[in-house]
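Trainee: If you scroll down you'll find the structure; I have some questions about it.
The values are calculated or read from the model by the stated rules, or taken from the named source; none is laboratory data. Here the structure is a predicted model, which is why all the values come from computation and not from measurement. Positions of Cβ are backbone-derived with ideal geometry, glycine not excepted, and every protein chain shown enters the neighbour counts. Side chains are part of the model used for accessible areas, which takes the heavy atoms of the whole protein and leaves out ligands, DNA and RNA. Shrake-Rupley method; radii C 1.70, N 1.55, O 1.52, S 1.80 Å.
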Amino acid sequence: MKFTAILAASTILAGAAVAQDVDKSDWPSSFTVGTASQGGTYFAYGSGWANLVAKELGLTGGGEVTGGPMQNMALVHTGEAAFGMTTMGPAAESLAGTNPIAPGLEMTQACAMFPMYQTPFSVTALASSGIEKVSDIPAGAKIGFGPAGSTSDTYFPRMMDTLGVEYERRNGGWTDLGGQLQDGLLDVIAFAAGVPVPAVSQLEVQTDVNIIEFTEEEQAKLLEEFPVSDFSIKASTYTTLEADARSVSMWNFAIANCDLPESFVKAAVDVVMSDNERMTGIHKAAASTLPENWDKNKVLKWHPGAAAWFKENANADISDDMIYGN
């Protein structure tokens, strides 16, 4: 297993021990990572780390297009996908048995693996529309909320309701919705995805857009009503932005089926978490894929292999009752 020279010596030794000095007889020969639709951050980020883990561990693996966080919880819970990615809101709903994909099923076999990044909620419209703030969105506007069951589709309609916006709901992959916006079939896209969102960056190349921030009052309403944190989209994220844009966000975590071998999950976590520069080369959102963000998980039980890695490498104070199997 090869590591780049920037890794600290202790991390290199730990990684080598994980990859070489363990019994791999119970490891799978292949795996998939549940991502989301093409054109979104989940697909780019998830396919990237799937390919990286496969290469470093000598396995066959890759990203799989899915409906996003809700479906990923179901796929990982059932074992149809070894790994996936989710946000804390859909994770909590899935554990409570309120995931719309399988109402009543408590998806307790999906375990926390590693912290990814925050998902900001942002609104994009064509500059020609004249929509420059949320209150400019006309009654009956056609709004694209992303794939059905995604974080955006689950929470953004409720947010628009809270902010008094009347709309017609549309679903689809981010790339498809971007094309519909450009063709005049949509008035607005309500994005919930790690930034920069590939579909937004593509729109910026092709046309003039407005990336709309929340007002202080709107942000305060959302912080009160939803499981989100305050967030600022940096002006450097998009060429359209001239200043930081006020937003709200949810944390994303990679998840693993709880019954996967401990040594396998620990080795996979080591590949992702031990070299952040390599991860940011996959997607800029990975700047937050840092060991110290382990504590952003308040919802899911940790996979034992992941918990072991964070305890050993990040001094994580993970209580026994938050580790699967204890």
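Trainee: Non-local amide H neighbours of Ala141 (under 5 Å, H modeled in plane, Pro and chain starts lacking H): which ones?
Mentor: Glu168
Trainee: I'd like the Karplus ³J(HN,Hα) series for the range 188-199: coefficients 6.51, -1.76, 1.60, θ = phi - 60°, whole numbers in Hz, and an x wherever there's a Gly or Pro.
Mentor: Here the 3J(HN,Hα) series is 8, 10, 9, 8, 10, 6, x, 9, x, 6, x, 5 Hz.
Trainee: If you don't mind, there's one more thing I want to ask. If you keep only loop residues by DSSP, which GluC sites (Glu not before Pro) in the range 219-326 have at most 15 other Cβ atoms within 10 Å of their Cβ?
Mentor: Details: sites: Glu224, Glu225, Glu242, Glu262, Glu277, Glu292, Glu312; in loops: Glu242.
Answer by residue number: Glu242.
Trainee: Per residue, how much accessible surface does the chain expose to a 1.4 Å probe? Answer in Å², no decimals.
Mentor: Working: 13150 Å² over 326 residues.
For the chain, the solvent-accessible area averages 40 Å² per residue.
Trainee: In terms of the Cα gyration tensor, with a ≥ b ≥ c the square roots of its eigenvalues, is the range 122-177 rounded because a/c is under 1.5, prolate because a/b exceeds b/c, or oblate? Working shown, then result.
Mentor: Working: a/c = 1.97, a/b = 1.26, b/c = 1.56.
In terms of gyration-tensor shape, oblate.
Trainee: Amide H to amide H under 5 Å from Met85: which residues, 5+ apart in sequence or cross-chain, H placed 1.01 Å off N in plane?
Mentor: Amide H neighbours of Met85, under 5 Å, 5+ apart: Gly34, Ile255.
Trainee: At 1.4 Å probe size, with the rest of the protein present, what percent of the exposed accessible area of the chain is carbon and sulfur atoms?
Mentor: 48
Trainee: Here's another thing I want to ask about it. Go through the range 125-206 and name the GluC sites (Glu not before Pro) that are in a DSSP coil and have 15 or fewer other Cβ atoms within 10 Å of their Cβ.
Mentor: Answer in residue order: Glu132, Glu166.
Trainee: Please list, by residue number, every one of the trypsin sites (Lys or Arg not before Pro) in the range 108-202 that is coil in DSSP and has at most 15 other beta-carbon atoms within 10 Å.
Mentor: Answer by residue number: Lys133.
Trainee: Mind ordering 230-241, 246-257 by average Cβ neighbours within 10 Å, highest first?
Mentor: 246-257, 230-241
Trainee: If you don't mind, there's one more thing I want to ask. Please list 3J(HN,Hα) in residue order for the range 200-205, calculated via the Karplus relation 6.51 cos²θ - 1.76 cosθ + 1.60 where θ = phi - 60°; whole Hz, with x for glycine and proline.
Mentor: Couplings: 6, 4, 5, 4, 4, 6 Hz.
Trainee: So how tilted is helix 41-57 from the main axis of the chain? Cα-based, degrees 0 to 90, rounded to 10.
Mentor: So the inclination is approximately 10 degrees.
Trainee: Just Ser29, Ser47, Ser94 to compare: in a GNM of the chain, with alpha carbon springs under 10 Å, which one fluctuates most?
Mentor: Ranking Ser29, Ser47, Ser94 by mean-square fluctuation puts Ser29 first.
Trainee: Residue by residue through the range 87-93, what is 3J(HN,Hα) from phi via Karplus (6.51 cos²θ - 1.76 cosθ + 1.60, θ = phi - 60°)? Round to whole Hz and write x for glycine and proline.
Mentor: Those phi angles translate into 10, 5, x, x, 4, 5, 5 Hz.
Trainee: Once the Cα gyration tensor of the range 178-326 is diagonalised, what are the square roots of 5 times its eigenvalues, in whole Å and ordered largest first, as equivalent ellipsoid semi-axes? Don't skip to the end; give the middle numbers.
Mentor: On the way: eigenvalues 242, 68, 41 Å².
Each semi-axis is the square root of five times an eigenvalue, giving 35, 19, 14 Å.
Trainee: Between Gly79, Gly68, Gly305, which gets the highest mean-square fluctuation from a Gaussian network model of the chain, Cα cutoff 10 Å?
Mentor: The residue that fluctuates most here is Gly79.
Trainee: Hey, another quick one. Enumerate the whole-percent occupancy of each 10 Å bin, from 0 to the last occupied one, for all C-alpha pair distances of the range 47-178.
Mentor: Reading the bins upward from 0: 11, 35, 30, 17, 5, 0.
Trainee: Right, another one. Run a plain Debye calculation on the chain (Cα atoms as equal point scatterers, no solvent) and give log10 I(q)/I(0) at q = 0.13 Å⁻¹, rounded to two decimals, same order as the q list.
Mentor: Log10 of I(q)/I(0), two decimals: -0.91.
Trainee: Long-range amide H contacts for Ile323: which residues qualify at under 5 Å (H placed 1.01 Å from N, peptide plane, sequence gap of 5 or more or a different chain)?
Mentor: The list, which skips near neighbours in sequence, is Trp302.
Trainee: Something else about it: If you take every residue apart from Ala141 with its C-beta less than 12 Å away from the C-beta of Ala141, what net charge results, scoring Lys and Arg +1 and Asp and Glu -1?
Mentor: Result for the neighbourhood of Ala141: -1.
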